[in-house]
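Only one structure is covered here, and it is reproduced in the block below.
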Amino acid sequence: MTGSAPAAEAEPRASGARWLELLVALACAPIFAVAVKSWDVWWHLATGRYIAAQHRIPDTDPFSYTMKGEPWRLVNGVADLVLYGFHAALGVAGLVVAKLVFGALTVLLVGLGARRLGAGAGLRVALMIAVALLLQARLSLARPLILGAALIAAGNLAALRLEEDGDGKDRAPLAFFALSLPIWPLIHGTAIVGLAQLGLVTLVLVMGRGAGARSARRALACLAWVTVVAAAAPFWRDLVAVAVGRGGGVTA
């Protein structure tokens, strides 16, 4: 009896082949390979080209030919550069490749999160397909949201791993939040969701294990770091202003 307990504990939390999520994500990827159907993508490409040429994120609209340029808030500079890079490398086909890559990545991360929760193989496959179908209309637009969706899915997985890390040895989840959240608003406005993910999992750790636990202390330190950066960074302040309706924003 005593010899069987460790074996039982060593069993994987969820059933299914090790590469199941990757195979399903790759199978779902083609649904994002549709023609570019959003005029906004050309604005994002022009902004990315401007940033690459001028080495700065514009603070007023440089493309306002029919009206006075107004101050910009929340310009998705990093995402625009990424999209511009795909387009510069492969033309319009590069935008389709970007949709395939980030669409499949989002679906993959959702599946890995479901595995982390202990969902069975059938449930994980069904969930991944459902998410792909529900997001297809949005993720096929080749806009910064395709990067934001992948970051949200990654944040969910990081939060799950952090909550399970009883001894505080898994540093990857906090590294993800510490590195991504400072620049997340420059990728997409979903940065608020990412901050909420970190805040909620930190609260769960503090309430469940006490503020003195190593995992809770590290989560609190990461949250403090992100909060300081957010308070100092103008693009984070712009994001908050847009979110509460105190200023117009540029995000997609």
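None of the figures in this text is laboratory data; all of them are computed from the coordinates on show. Please read these numbers as outputs of a predicted model, since none were measured by experiment. Note that we place each Cβ from the backbone using ideal geometry, even for glycine, and neighbour counts take in every protein chain shown.
Among LEU26, GLY91, LEU139, flag the residue with its Cα farthest along the positive direction of the charge dipole of the range 13-157, charges on Cβ as +1 for Lys/Arg and -1 for Asp/Glu. Going by the charge dipole, the pick is LEU26.
Rounded to the nearest 0.05, what FRET efficiency do VAL34 and LEU203 give with R0 = 30 Å and r taken as the Cβ-Cβ distance? Could you check? Plugging the Cβ-Cβ distance into 1/(1 + (r/R0)^6) gives 0.15. The 3J(HN,Hα) values that the Karplus relation (6.51, -1.76, 1.60; θ = phi - 60°) gives for the range 108-119 are, in residue order, 4, 5, 4, x, 5, x, 5, 4, 4, 7, x, 5 Hz. Gly and Pro appear as x. Its Cα centre serving as origin, the range 103-252 has a Cβ charge dipole (Lys and Arg +1, Asp and Glu -1) of approximately 60 debye. Annotation: extensible slack from ARG237 through ALA137 equals 33.0 nm (criterion: 0.36 nm per residue apart, minus Cα-Cα distance).
Placing unit charges on the Cβ atoms only, positive for Lys and Arg and negative for Asp and Glu, gives the range 166-247 a dipole magnitude near 220 debye about its Cα centre.
This ranking places ASP170, ASP165 by how few other beta-carbon atoms lie within 10 Å of each, fewest first, which gives ASP170, ASP165. Model label points for GLN54 and ASP167, set 7 angstrom from Cα along the Cα-to-Cβ axis, are 5.3 nm apart. Could you tell me which label, among (i) 39, 29, 14; (ii) 36, 25, 13; (iii) 32, 21, 18, carries the value of semi-axes √(5λ) of the Cα gyration tensor in Å calculated for this structure? Checking each listed value against the structure points to (ii).
Placing +1 on the Cβ of every Lys and Arg and -1 on the Cβ of every Asp and Glu, with no other charges, gives the chain a dipole of roughly 80 debye about its Cα centre.
Spin-label model, ALA46 to VAL228: label points 7 Å out along the Cα-to-beta-carbon direction sit 4.1 nm apart. Each Cα pair under 8 Å and six or more residues apart adds its sequence gap; the mean of these over the residue count of the range 166-247 is a relative contact order of 34 percent.
Of the three principal axes defined by the Cα atoms of the range 13-157, the extents in descending order read 58, 26, 23 Å. Each peptide among 188-195, 213-220, 17-24 gets the average number of other Cβ atoms lying within 10 Å of its residues, and from highest to lowest they stand as 188-195, 213-220, 17-24.
Taking 0.36 nm per residue of separation and subtracting the current Cα-Cα distance, fully stretching the chain between ILE183 and VAL97 would add 28.6 nm. Its relative contact order, with pairs defined as Cα atoms under 8 Å and 6+ residues apart, puts the chain at 23 percent. Taking θ as phi - 60° and the Karplus parameters 6.51, -1.76 and 1.60, the scalar couplings of the range 221-228 work out to 5, 5, 5, 5, 4, 5, 5, 5 Hz in sequence order, x denoting glycine and proline.
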